[in-house]
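Peer 1: Please find one structure pasted underneath; my questions will follow.
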Amino acid sequence: MSAWLHLFTLELAVVAIALLVLLWDAFAPAAGRAVGWTTALLLGGVFAASFFVDGRGTVPHGVFVRDEWVVFHERLFLAAGILGVLGSIDWLATRTPKRQAEYYALLLFSLAGMMLLAGARDWILLVTCFELMSMPLYVLCAYGKQDGPASEPKLAAEAGLKLFITGAASSGLTLFGLALVVGMTGTTHVGGIGANPAPLTIVGMLFVLAGFGFKVGAVPFHMWVPDTYQGAPTPFVAFLSVAPKAAGLATLAIVLLGGWSADSSVWLPVLLVLAGASMVVGNLFALPQTDARRLLGFSGVAQIGYALLALGAMSRGGLAMTLFFVATYVFTNLGVFFVLHAAAEEGGGHSLARIAGLSRRSPWLGGALLVFLLSLAGIPFVAGFWAKLFVFMEAWNAGLVGLVVLGVALAVIGLYYYLTVARSTYMADGDRTTPVPTGFALRAAILVCLIFVVGLGLWPRPLVEAADRAAAGIVSGR
Amino acid sequence: MNLTDQTWLWAIPALPLAGSALCGILHYLTIKARMPKRAHGAHGHDDHGHDAHGHGHAAHADHAASDHGAGDHAHGGDHGHGHAKVEPGLSAFAPWIAVLAMAGAFALAIKGFLGLQGETHALESPAWDWIDTGTFRIDLAIVLDRLSSVMTLVITGVGTLIHIYAAGYMKGDKHYAKFFAYLNLFVFAMLMLVLSSNLLGLFVGWEGVGLCSYFLIGFWYEKGWPAEAGQKAFVMNRIGDASFLIGSFLLVKLFGTLDLSDIVAGVSGLLGDPEKKYELLLAGLFLFGGACGKSAQLPLFTWLPDAMAGPTPVSALIHAATMVTAGIYLTVRLNPVYAASPDLLFFIGAVGAVTALIAGSTALVQRDIKRVLAYSTVSQLGYMFLGLGTGAWAAAIFHLVTHAFFKALLFLGAGSVIHGMHEEQDMHKMGGLKKHMPATYFTFLAGAAALSGLPLLSGYFSKDEILAHTFAHGGAYRILWGIGIATAAMTAFYTWRMVALTFFGKERFDPHHVHPHESPSVMTVPLMVLAVLSVFGGLLGLPPVLGSTHALEHWLEPVTAAGNALLAEHGTHALDHGTEWMLLGLGAVIALVFMGLGIRAYVGGTARDEKVASSAPGLARFLQGAWGIDAAYTAYVVRPMQLLFFVVAIVIDQFTIDGMVNGAGAVARTCGDRVRRMTSGNIATYGLWMGAAAALIAFLFLKRIG
């Protein structure tokens, strides 16, 4: 048994940190920021260790495979987890000083689920990991149920309930589909379908696809996204908006490109429709929004559309660019939400009017927000430019001309609403003029995101190479 | 020259990039030093600022009532921020760094120019495999050929002068260093655009200049409208950029390479295949769409007049001399793609001519001096596209170069006037400035004479060359030629109207409140250099009829050969000497006559404008609003979109999602109960929706299989 236990070193470490945090809280409840910083630093240690722990291999029966693909995702999720923790430290220490540990522990359990997910090649393990990832998120979503300005309704509990019910429904879809697939093929291995599947297998596959479509927030399974983003506590939304989506895309890649590549004629049209619809609906619905988080919710739907487009290229290059796109999106979106969180801190509320005058009050926060927004819009010198360009290039090479033209055109609309957000930070008629108070941890998190977004904009090569190596784990050849 | 090691070419774009980074750091340090708690620590640096700019501070403390006189240092704080005096601190070094970076790049551009003599047609740096994963590879190299050498000389040469001017113009601005950081970053992006060996590098520059333009138009965002103008410019540019990207993808698909020289070389090989020829036409059309965005042609030109919200050096550098010429550069760079299709060429010429006419006529009635120049720029860019439409690549580049000289000069001169008039841009409130600002006046005259095409000045030769080519093509091109001649008349008229309203006649401002003064020499010396270039720039391309060779055309021969060879298949168009003399004479007469008319109408003041406004109010409004095009966009594109999205937000969003209820806090609080019920109702809606969607997908595919 111990012959393959070392494959799970990093995941076990994350779970150990979660248990440590829980025990710490049980025996010596500590107010202040100690728990949060310890969690962040320990996670940082795990991240650093991922460069030294050389565990590649396969668990017996091929249930779990740890290769470059998994390593890439482990690092990505760990980075998102570290930043997610960093961004929450100040908020938790002031809002709920008495019960911080549970937040971190739940986040870590979810993180462990994601990290395992990337290597799962068996339906049972895959679904279990997916639920391990999702369950803590439902709880976290409702965590700040007393938060928000007195004048506005408390939305966190509602957001949590919505996420839970729609999440449960989508899990139901997935499980129903899987029951059909496994029942028809007689194997729980992800790649067990083979060519020319029976009609009932196809129905099962499509239900699985619909279930995962929910997790990544693709149209028409996107409705929970803006609602949840608007209602849940912002530091958590930052994490929710990136890590589970990256995990969902990873799963789609494992299942579609890894397991079912022989049956692409079944799922490719569906995937492309989801991609196109997500781009259209996300971009157009983002336009009239007046709440920054709701706007970013729709923007996230649109961004998932671009990622699915690259996935639809069905090539190693396309998959690599999906990974590159998602990785830049992780840092960019975390950054955006952290800045919004900082800007809304006193008084709360995230309407665009609320951030008016931000770049005058706190030039650095305003500048950082502008950089993140430009990255989302795909403008040169920041990471998002390459992400969009590479996605379009790979999709074009794969012959998806119509969708590329659509995506390029919709990116113009994207620029418009991102700049509208930026413009509201310029406006001088904000009612406050004092600098925005930000804690050290939050500033550190924003700075790290900024460094990655600008650094990858100037020098994307390391990430492109890593993504390419990772993609080779799923799609072999060129 | 050692052809194997041209790594130094990278230094041309790298210098402004480094300058930008340094200025950015200076900006950071300045801002940090200004923060209240650090004020004491930074005092040492501020001392330097006092030494250099002592008078400036006294002046902007109360600039509304102060008597600046003609002091060299009395210009800070004029930019309407309404803030108390700003210590320049470390940012005082920013212009030095920026100008040095520009001058260095200019020196290297000259080195490259000297290296291109004789049989050497291009210098190429070693390729840098910027990304290479085995499956995904992007090389990047810097190529300085005859065309990019001309562009680089203009960008760095005129750019250096504008940077020097900006050092005086922006003095006292609280974001002095940031301005130069953006300006240098712009130059970097522009140089990448013209020096890249492949489409990808060109695209980075193409989008990069749009970004810098956005930053710089919105530089004084605190006034509100510049931020809006910046956004408009950026988004309209992005429409063009989308078109550009699709055109590039088509080219890559056709030629299987990103490399520009391979694409140019490969065109003639494709023409045998009608399908590929059609795709080539499509690619050319999409790329021209990109050029229309960047170079402000119909239908995407309305952002340029609004872009005048930026500081005047920005208008001169980006929105007259360099960025807006990117479309011309692109078309000449890919000249065989266009030369392959006479229909596409005619289309480009027609778009150029019509844009020239619309913008030229709009400039006739503007009161804001910068808007006159903005519409004039659109109009002159139209001339360049008209030239391209006739396949006169060299003529278009010739006009690009002379236009860069005289339009930069006119913008900077206008900036000097605006500066001296305490931020007044309305020409109706100027007049009689020639005795107050002699240096600005004389240099402005040179620029105006060149723009209006007075004989023997630079603009005369370059514009007439384009018109001569158009005339020579005959057929439908004669109509375009007629439009070009009409526009030339308007050009002379509005140019001299502008001069007369600004410098001639009586003073129409209150001398008790406004004390016009000449600008400091840091601003006037660049004007003088540009004035010399505007007057003598025509020497670059004297027409053959004057017995000399067209130096520029000869110089560009290696670049334009491929396109010219394709054009020759459709027949050549040459004019006999008599016709050529006739056209030159006609151009001179028109320029002189309409110059006279313009001065005569406006030397006495603004009466003519008022007369036009009262006798033909409809026409005046029509022209004032650029033939109603922007208004039409608002009425037929923006408003319906807004309405649509309002409906989307209110109806659809509320129907499926309770967004509006969540947003309306007060309402929700009073009827919190109802909100809960509505919300839980919505979850059922979600479930229903999701189940229905999944079932629909399953049904569709079962049907397809069954």
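Peer 1: Working carefully through the options B:Val647, B:Val638, B:Val651, B:Val593, find the one that is at pLDDT 80 or above and surrounded by fewer than 17 Cβ atoms within 10 Å (Cβ to Cβ).
Peer 2: Details: B:Val647 fails: at pLDDT 80 or above; B:Val638 fails: at pLDDT 80 or above; B:Val651 fails: at pLDDT 80 or above.
Every option except B:Val593 fails the conditions.
Peer 1: Does any residue of the stretch A:246-265 turn out to be on the phi < 0 side of the Ramachandran plot and not in a helix (DSSP H, G or I)? First the steps, then the outcome.
Peer 2: Initially, the stretch A:246-265 is screened for residues on the phi < 0 side of the Ramachandran plot, giving A:246-265.
Within this subset, residues satisfying the condition of being not in a helix (DSSP H, G or I) are A:260.
Checked the stretch A:246-265: at least one residue is on the phi < 0 side of the Ramachandran plot and not in a helix (DSSP H, G or I).
Peer 1: Run down B:Leu216, B:Leu195 and say which single residue is more than 12 Å from chain A (Cβ to nearest Cβ) and either in contact with a strand residue (DSSP E or B) (Cβ under 6 Å, 6 or more places away or on another chain) or at positive phi (or both).
Peer 2: Answer to the check: B:Leu195.
Every residue, every condition in (1) modelled with pLDDT of 90 or more; (2) surrounded by fewer than 24 Cβ atoms within 10 Å (Cβ to Cβ); (3) within 14 Å of chain B (Cβ to nearest Cβ), yes or no:
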residue: A:Thr290; (1), (2), (3): no, yes, yes
residue: A:Ala320; (1), (2), (3): yes, no, yes
residue: A:Ala342; (1), (2), (3): no, no, no
residue: A:Leu352; (1), (2), (3): no, yes, yes
residue: A:Gly366; (1), (2), (3): no, yes, yes
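Peer 1: Do we find that B:Gly447 is free of Cβ contacts under 8 Å to residues at least 12 places away in the same chain and out of contact with any His (no Cβ under 7 Å at 6 or more places or on another chain) in this structure? Even if it seems obvious, please write down each step before you answer.
Peer 2: Numbers: free of Cβ contacts under 8 Å to residues at least 12 places away in the same chain: no; out of contact with any His (no Cβ under 7 Å at 6 or more places or on another chain): yes.
Against the criterion (free of Cβ contacts under 8 Å to residues at least 12 places away in the same chain and out of contact with any His (no Cβ under 7 Å at 6 or more places or on another chain)), B:Gly447 does not qualify.
Peer 1: Could you tell me which of the residues A:Ala79, A:Ala118 is under 19 Å from A:Ala320 (Cα atoms) and surrounded by fewer than 24 Cβ atoms within 10 Å (Cβ to Cβ)? Talk me through it step by step, then tell me what you get.
Peer 2: Working: A:Ala118 fails: surrounded by fewer than 24 Cβ atoms within 10 Å (Cβ to Cβ).
A:Ala79 is the lone residue from the list that is under 19 Å from A:Ala320 (Cα atoms) and surrounded by fewer than 24 Cβ atoms within 10 Å (Cβ to Cβ).
Peer 1: When both residues are 6+ apart or on different chains and their Cβ atoms are under 7 Å apart, which pairs have a first residue that lies in the stretch B:560-579 and is free of Cβ contacts under 8 Å to residues at least 60 places away in the same chain, and a second that is β-branched (Val, Ile, Thr) and assigned to a helix (DSSP H, G or I)?
Peer 2: Short answer, once both residue conditions are applied: B:His577/B:Val545.
Peer 1: Moving on to the next point. Output the residues belonging to the stretch B:604-626 that are closer than 30 Å to A:Pro288 by Cβ and either surrounded by fewer than 16 Cβ atoms within 10 Å (Cβ to Cβ) or without any contact (Cβ under 8 Å) to a residue 12 or more places away in the chain (or both).
Peer 2: B:Gly625
Peer 1: Would you say B:Met582 is touching a residue at least 60 places away in the same chain (Cβ under 8 Å) and farther than 21 Å from B:Leu153 by Cβ? Working first, answer last.
Peer 2: Working: touching a residue at least 60 places away in the same chain (Cβ under 8 Å): no; farther than 21 Å from B:Leu153 by Cβ: yes.
Taking the combined requirement at face value, the residue does not satisfy it.
Peer 1: Collect the residues in the stretch B:300-329 that are surrounded by fewer than 24 Cβ atoms within 10 Å (Cβ to Cβ) and closer than 17 Å to B:Trp206 by Cα, keeping them in residue-number order.
Peer 2: B:Leu300
Peer 1: Under 26 Å from B:Asp139 (Cβ atoms) and away from every other protein chain (no Cβ under 11 Å): is that true of B:Val252 in this structure?
Peer 2: On the way: under 26 Å from B:Asp139 (Cβ atoms): yes; away from every other protein chain (no Cβ under 11 Å): no.
Taking the combined requirement at face value, the residue does not satisfy it.
Peer 1: Residues being within 10 Å of chain B (Cβ to nearest Cβ) and at pLDDT below 75: count how many of those fall in the stretch A:122-166.
Peer 2: 8
Table: residues versus (1) among the aliphatic types (A, V, I, L, M); (2) surrounded by 24 or more Cβ atoms within 10 Å (Cβ to Cβ).
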{"residue": "A:His6", "(1), (2)": "no, no"}
{"residue": "A:Leu19", "(1), (2)": "yes, no"}
{"residue": "A:Phe27", "(1), (2)": "no, no"}
{"residue": "A:Leu41", "(1), (2)": "yes, no"}
{"residue": "A:Gly57", "(1), (2)": "no, no"}
{"residue": "A:His61", "(1), (2)": "no, no"}
{"residue": "A:Leu83", "(1), (2)": "yes, yes"}
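Peer 1: Taking into account only those residues within the stretch A:209-225 that are more than 10 Å from chain B (Cβ to nearest Cβ) and in a helix (DSSP H, G or I), which is farthest from the chain's Cα centre (by Cα)?
Peer 2: Result: A:Phe212.
Peer 1: Now for a different question. Being more than 10 Å from every other protein chain (Cβ to nearest Cβ), among the β-branched types (Val, Ile, Thr) and surrounded by 22 or more Cβ atoms within 10 Å (Cβ to Cβ): is that true of A:Val436 here? Full working, then the answer.
Peer 2: Details: more than 10 Å from every other protein chain (Cβ to nearest Cβ): yes; among the β-branched types (Val, Ile, Thr): yes; surrounded by 22 or more Cβ atoms within 10 Å (Cβ to Cβ): no.
Spelling it out, it is not the case that A:Val436 is more than 10 Å from every other protein chain (Cβ to nearest Cβ), among the β-branched types (Val, Ile, Thr) and surrounded by 22 or more Cβ atoms within 10 Å (Cβ to Cβ).
Peer 1: Which condition breaks for B:Val267 when tested against (1) buried (at least 22 other Cβ atoms within 10 Å of the Cβ); (2) modelled with pLDDT of 90 or more; (3) more than 30 Å from B:Ala374 (Cα to Cα)?
Peer 2: The one condition B:Val267 does not meet is (2).
Peer 1: Check A:Phe381 against each of (1) more than 27 Å from A:Phe51 (Cβ to Cβ); (2) assigned to a helix (DSSP H, G or I); (3) at the interface with chain B (Cβ under 10 Å from one of its Cβ atoms) and name the one condition it does not meet.
Peer 2: Answer for A:Phe381: the failing condition is (2).
Peer 1: Count, please, the residues in the stretch A:284-332 that happen to be over 23 Å from A:Gly457 (Cα atoms) and of a type outside the set (Lys, Arg).
Peer 2: Pass one, the stretch A:284-332, residues over 23 Å from A:Gly457 (Cα atoms): A:284-295, A:297-298, A:312-315.
Within this subset, residues satisfying the condition of being of a type outside the set (Lys, Arg) are A:284-292, A:295, A:297-298, A:312-315.
Final tally of qualifying residues: 16.
Peer 1: Quick one: B:Ala59 ticks every box in (1) surrounded by 15 or more Cβ atoms within 10 Å (Cβ to Cβ); (2) more than 26 Å from A:Ser359 (Cβ to Cβ); (3) at pLDDT 70 or above; (4) over 30 Å from the mean Cα position of the chain (by Cα) except a single one, so which number is it?
Peer 2: Answer for B:Ala59: the failing condition is (3).
For (1) of a type in the set (Lys, Arg); (2) out of contact with any helix residue (DSSP H, G or I) (no Cβ under 9 Å at 6 or more places or on another chain), each residue gets a yes or a no:
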| site | (1), (2) |
| --- | --- |
| A:Arg33 | yes, no |
| A:Trp37 | no, no |
| A:Trp91 | no, no |
| A:Thr94 | no, yes |
| A:Lys98 | yes, yes |
| A:Leu106 | no, no |
| A:Phe109 | no, no |
| A:Ala112 | no, no |
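Peer 1: Let me ask something else. Take the stretch B:233-261 and flag every residue that is among the basic types (Lys, Arg) and surrounded by fewer than 23 Cβ atoms within 10 Å (Cβ to Cβ). Before the answer, list the steps.
Peer 2: Restricting attention to the stretch B:233-261, the residues satisfying the condition of being among the basic types (Lys, Arg) are B:238, B:253.
Residue satisfying the conditions is B:Lys253 alone.
Peer 1: Oh, and also: If the requirement is being part of a helix (DSSP H, G or I) and over 26 Å from B:Val525 (Cα atoms), which of these qualifies: B:Leu114, B:Leu153? First the steps, then the outcome.
Peer 2: Details: B:Leu153 fails: over 26 Å from B:Val525 (Cα atoms).
Going through B:Leu114, B:Leu153 in turn, the sole match is B:Leu114.
Peer 1: Can you give me the ranges of the helices (runs of 4 or more DSSP H) entirely in the stretch A:1-111 with at least 1 residues that are hydroxyl-bearing (Ser, Thr, Tyr), farther than 28 Å from A:Val453 by Cα and at pLDDT 90 or above? Give the derivation first.
Peer 2: Numbers: elements: A:2-5, A:9-27, A:34-49, A:68-95.
Passing ranges: none, list empty.
Results for (1) buried (at least 24 other Cβ atoms within 10 Å of the Cβ); (2) more than 9 Å from chain B (Cβ to nearest Cβ); (3) not in a helix (DSSP H, G or I), shown as yes or no for each residue.
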site	(1), (2), (3)
A:Lys388	yes, yes, no
A:Glu394	yes, no, no
A:Gly402	no, yes, no
A:Leu406	no, yes, no
A:Ala409	no, no, no
A:Leu415	yes, no, no
A:Tyr418	yes, yes, no
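The values are calculated or read from the model by the stated rules, or taken from the named source; none is laboratory data. Just so we're clear, the structure is a prediction, and the values are computed from it rather than from any experiment. Glycine gets a Cβ as well: all are built from the backbone with ideal geometry, and neighbour counts include every protein chain shown.
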